[in-house]
Amino acid sequence: MTLEFDRVFFVTTVCELRKLIFRNHDAAELMMKTLSTYQNEGRFVLHAFVVMPDHLHLIIAPDATISLEKAMQFIKGGFSFQYGKKFGGANIWQRSFTHERIQDELDFECRRRYVENNPVRAKLVANPAAYPYSSAYRASSAAKAGIE
């Protein structure tokens, strides 16, 4: 994999008051759809992700014309808008997010493993590929289906 690491970030964003919004299957699926929609529009490349019950971890590379802040605005704002239409409005997110730039291939792989193993550390599943709201699950499902 060849990446320009100056545009790849490890991001964490948390639900307001650590509300367990994504414990609800429909809300988690809505977040998955939100991520997929903006990635398909070319707003960013999502290298790894996990939607935990009360937060998200992403390894994301915003398009060269979009700042990381704007990419996160698409994700958080887009989700909040759709969530409000479907479930009724409330504050979903803490105001900010944390991020660190990925330094190199080793840093990328360490962060990817951290993201994908988050549900295992939280004792939600025994193995990363079993957690349905993650890139590990999506990669495992694609591999089983013979999709690259």
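Test of understanding: among L17, L30, L35, which residue is exposed (fewer than 15 other Cβ atoms within 10 Å of the Cβ) and not in a strand (DSSP E or B)? Before the answer, list the steps.
Numbers: L30 fails: exposed (fewer than 15 other Cβ atoms within 10 Å of the Cβ); L35 fails: exposed (fewer than 15 other Cβ atoms within 10 Å of the Cβ).
Checking each option against the conditions leaves just L17.
Within the set of pairs 6 or more residues apart or between chains, which connect a residue that is farther than 12 Å from K19 by Cβ inside segment 78-95 to a residue that is modelled with pLDDT of 90 or more with Cβ atoms less than 6 Å apart?
G78/T34; F79/M31; F79/T34; S80/I92; Q82/L30
Would you point out the residue of segment 1-14, among those that are of a type in the set (V, I, T) and part of a strand (DSSP E or B), that is farthest from F87 (Cα to Cα)?
Narrowing segment 1-14 to residues of a type in the set (V, I, T): 2, 8, 11-14.
With the extra rule that they be part of a strand (DSSP E or B), the set shrinks to 11-14.
Numbers: V11: 26, T12: 24, T13: 21, V14: 19 Å.
Looking at residues that are of a type in the set (V, I, T) and part of a strand (DSSP E or B), I get V11.
Give me the residue from segment 104-139 that is surrounded by 15 or more Cβ atoms within 10 Å (Cβ to Cβ), hydrophobic (A, V, I, L, M, F, W, C) and modelled with pLDDT of 95 or more and, out of that set, farthest from A27 (Cα to Cα). Write out each step before concluding.
Step one: filter segment 104-139 for residues surrounded by 15 or more Cβ atoms within 10 Å (Cβ to Cβ), giving 107-108, 111-112, 114-120, 124-125, 128-129, 131-139.
Right, trim to hydrophobic (A, V, I, L, M, F, W, C) and you get 108, 115, 120, 124-125, 129, 136, 139.
Of the ones still in play, those that are also modelled with pLDDT of 95 or more are 108, 115, 120, 124-125.
Details: F108: 28, V115: 20, V120: 21, L124: 17, V125: 19 Å.
Step by step, filter segment 104-139, then rank; the result is F108.
In segment 39-57, which residue that is crowded, with 19+ Cβ neighbours inside 10 Å and in contact (Cβ under 8 Å) with a residue 60 or more places away in the chain is nearest to L20 (Cα to Cα)?
M52
Are any of the residues in segment 18-30 within 24 Å of R101 (Cα to Cα) and either modelled with pLDDT of 95 or more or among the acidic types (D, E) (or both)? Please lay out each step first, then the result.
The initial filter retains those residues of segment 18-30 that are within 24 Å of R101 (Cα to Cα), namely none.
No - not one qualifying residue is present in segment 18-30.
Mind checking whether some residue in segment 111-126 is among the aromatic types (F, W, Y) and under 22 Å from I21 (Cα atoms)?
Taking segment 111-126 as the starting set, the residues that turn out to be among the aromatic types (F, W, Y) are 114.
Among the residues that remain, those that are also under 22 Å from I21 (Cα atoms) are: 114.
Yes, segment 111-126 has at least one match.
Please state which one of R113, R101, R138, R121 is basic (K, R) and in contact (Cβ under 8 Å) with a residue 12 or more places away in the chain. So that I can check it myself, show each step before the final result.
On the way: R113 fails: in contact (Cβ under 8 Å) with a residue 12 or more places away in the chain; R138 fails: in contact (Cβ under 8 Å) with a residue 12 or more places away in the chain; R121 fails: in contact (Cβ under 8 Å) with a residue 12 or more places away in the chain.
Result of the check over R113, R101, R138, R121: R101.
Kindly indicate whether V8 is within 15 Å of the chain's Cα centre (by Cα) and in contact (Cβ under 8 Å) with a residue 40 or more places away in the chain.
Values: within 15 Å of the chain's Cα centre (by Cα): yes; in contact (Cβ under 8 Å) with a residue 40 or more places away in the chain: yes.
The answer is yes for V8.
Could you say whether any residue in segment 6-18 is on the phi > 0 side of the Ramachandran plot and not small (G, A, S)? First the steps, then the outcome.
So in segment 6-18, the residues on the phi > 0 side of the Ramachandran plot come out as 17-18.
Keeping just the survivors that are not small (G, A, S) gives 17-18.
Checked against the condition, which is being on the phi > 0 side of the Ramachandran plot and not small (G, A, S), segment 6-18 yields at least one hit.
The values are calculated or read from the model by the stated rules, or taken from the named source; none is laboratory data. All of these numbers come straight from a predicted model, not from anything done at the bench. Cβ sites come from the backbone with ideal geometry, for glycine too, and all protein chains shown count toward neighbours.
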